[in-house]
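Structure, as structure tokens:
The values are calculated or read from the model by the stated rules, or taken from the named source; none is laboratory data. For clarity, every value in this text was computed on a predicted model and none was experimentally measured. Heads up, the Cβs are rebuilt from the backbone with ideal geometry, glycines too, and the neighbour counts pull from every protein chain shown.
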Amino acid sequence: MTDRPDAGELIEAVRCFLESEVLPALTEGRLRYQLLVAVHVLGIVGREQAVGEDFLHQEWELLGEILGSQGSEPATLGGLRQAVRAGLERLCERIRAGEFDEPGKFRELADRLRHSVERKLAVANPRYLKAVRP
């Protein structure tokens, strides 16, 4: 949709409401914990929704560079998401098989994946990323 509020704004509004209005009113530990989890999940969904498509295109390109040619990029967002997951699985298989065990290859792979991991942390838990950045 092109109307406002968009999906990201709606997610953020619900997250803020739960965090600022509902959470302070809860005293029961189990419900408070579950609400904190829900607030955290809404934050992840909102951040992922904001960067999702661009991130998938960047992941596709990075995996192509690391794994070699993967063919042409899928035309749909769902197809791209599936292809990136499959590429990540192939990369994991190659890592488990020892293809990157040699120190030089390991450092090169780690350097190439660092930005991708930081982008994922920025979505999943930006506070953690700020805490571990030098």
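Tabulated data
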item	result
Every pair of residues 6+ apart whose Cβ atoms lie under 8 Å, when the first sits in region 97-125 and is touching a residue at least 40 places away in the same chain (Cβ under 8 Å) and more than 30 Å from ALA38 (Cβ to Cβ) while the second is loosely packed, with under 12 Cβ neighbours inside 10 Å and not hydrophobic (A, V, I, L, M, F, W, C)	ARG112/GLU65
The one condition in (1) more than 30 Å from LEU36 (Cα to Cα); (2) at pLDDT below 95 that ALA131 fails to fulfil	(1)
Test result for GLY71, surrounded by 12 or more Cβ atoms within 10 Å (Cβ to Cβ), at pLDDT below 95 and either of a type outside the set (A, V, I, L, M) or in contact with a Phe, Trp or Tyr (Cβ under 8 Å, 6 or more places away or on another chain) (or both)	no
Index of the failed condition, ALA13 passing every other in (1) within 22 Å of ASN125 (Cα to Cα); (2) surrounded by 14 or more Cβ atoms within 10 Å (Cβ to Cβ); (3) not aromatic (Phe, Trp, Tyr)	(2)
Top-ranked residue of region 92-116 - restricted to ones that are assigned to a helix (DSSP H, G or I) and either small (Gly, Ala, Ser) or in contact with a Leu (Cβ under 6 Å, 6 or more places away or on another chain) (or both), ranked as surrounded by the most Cβ atoms within 10 Å (Cβ to Cβ)	SER116
Hits in region 1-26 (condition: of a type in the set (S, T, N, Q) and not in a helix (DSSP H, G or I))	THR2
Failed item, numbered, when ALA75 is tested on (1) part of a helix (DSSP H, G or I); (2) under 25 Å from ASP6 (Cβ atoms)	(1)
Near pairs, Cβ below 7 angstrom, 6+ apart or cross-chain, from region 28-57 (more than 24 Å from GLU118 (Cβ to Cβ)) to any residue that is charged (D, E, K, R) and modelled with pLDDT under 90	none
